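A short reminder: the numbers here are calculations on the coordinates, not readings from a lab. Worth saying up front: this structure is predicted, and the values here are computed from it rather than measured. Positions of Cβ are backbone-derived with ideal geometry, glycine not excepted, and every protein chain shown enters the neighbour counts.
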Amino acid sequence: MKIENYEAILAVRQHSGWTEAACQTNQSPSTISKRVNKVEEELGAPIFVRGKGTQAALTEFGELMLPYIQKIVSLHNRVEAYAGSIHNESEVRLTVGYPPLIGTLGEAEILARFKNDNPSVRIDHVLRDRNELLAMVQERRLDCAFVFLVGNEQVRNDMLDILLSFEIAHIPIMRRETISVGLSQNHPLAGQRAVAIAEICQSTFVFNDLSAHEDLTQGSLRFFFDQKAAWYDPIKIVRMDFINKDMVNSFVAAGGGVLPTACIPPDVSPGVRFLPVIDSRVSSSAIFIYPKYCSLPAVRSLIQYVRAYAAENGVIG
C-alpha cells in the first residue's frame, strides 16, 4: 500500500476531476489515473464512476471507502510529522501568523497537536489582518500563516497575485457554508437550536475593529446575511478589538450585541451560546500559507499536521 495512491484519490475527489487533480499536485493525469487504478485493484472494486460528465463521482463502494481513505492519509501524515520531530531536540523558533477571530480556523487544534509532539519548538504568535499576513509571508517576515476568506468578499488583485505567486504555497483547511451568531445565554433566542435572519435583524451586531474592516458599511454588512437583511434598516454595529477576546465575550454575554462569525465557533465561550443562522448561505474558507521553497524542518513538519487536520475534516489540499 502506497500512501501516494490514496492521496491521489483524495485529490481527484477534491478537485472533481483527473486533470485538475494532476495540475494541483504537479503530476500528469496518467500518473493520477494509475495511482487510483492501483488502489481499486487492491480493494477489488471501482472507487470512481467512469464516463463523461461524471466529474469524478464516487461509486457506492467509493462513498463507503472515502472516510477510511481520509483516515489513512491523516494518520500517515501525523506519524510522519512526529517521526521527523524526534530527530531534533534543540529549541527551534517558529513564527506563525493568524487573524484575530472569535473562533478558530482549525489553527488552535493544529498548533496544539504540533506543540504536543514538538515541545522543543517555540511558537511565536503574530496577529494581523489578512492582507498583512499575506504580505508578511511573501516577504519572509513570517514562517507561515492561517488566512481567512469569506466567500462573498471580492478578492483584491494584489491578494490574488500573492496567492497565485510561484513563491507561496497554500493548503485549504476549512470550509463552511453558513454563518453562526453568538448570543447571550440570557437572550430569548438562546434556547433554540438555530435562528433565522428575521429574528436577529434588529439586533446590534459586533464586528472586528481592524483596518481590514474600515469599509464595513450598512450595505457591505449585508453580505453576512445573503442580502436578506436588505429589508431591515437600520443595521446597528459595534466595533470591538477581537485581539481582546475576553472583552468581546463579556460584552456579548452581558447582552451588548450579537456576534456574527463565519469561522468555527469557539468550543467554550462563558455566557455565550453560538447558533447557526438557518437561512444564511454565506460560504467561508481558510487556508494555510507558507513559502513554497521553505526548507525549515519545523515548517515542513507543521505542514504535515495541517494536511492531517485537513484530511480528517474532508478538506484536502
Using only alpha carbons, build the gyration tensor for the stretch 234-275 and give me the equivalent ellipsoid semi-axes, biggest first, whole Å.
16, 12, 11
Kindly rank 246-253, 28-35 from highest to lowest mean number of other beta carbons found within 10 Å of each residue.
246-253, 28-35
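Say the cut-off is 26 Å between C-alpha atoms; which of Lys34/Lys115; Lys38/Lys292; Lys2/Lys115; Lys34/Lys71; Lys71/Lys245 go over it?
Details: Lys34/Lys115 37 Å; Lys38/Lys292 29 Å; Lys2/Lys115 28 Å; Lys34/Lys71 22 Å; Lys71/Lys245 33 Å.
Beyond 26 Å: Lys34/Lys115; Lys38/Lys292; Lys2/Lys115; Lys71/Lys245.
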Between Asp124 and Asp241, what is the label-point separation in nm under the 7 Å Cα-to-beta-carbon projection?
2.1 nm
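Using a 10 Å cut-off on Cβ atoms, rank the peptides 38-49, 126-137 from the highest mean neighbour count down.
Details: 38-49: 15.0, 126-137: 18.8.
Top of the packing list down: 126-137, 38-49.
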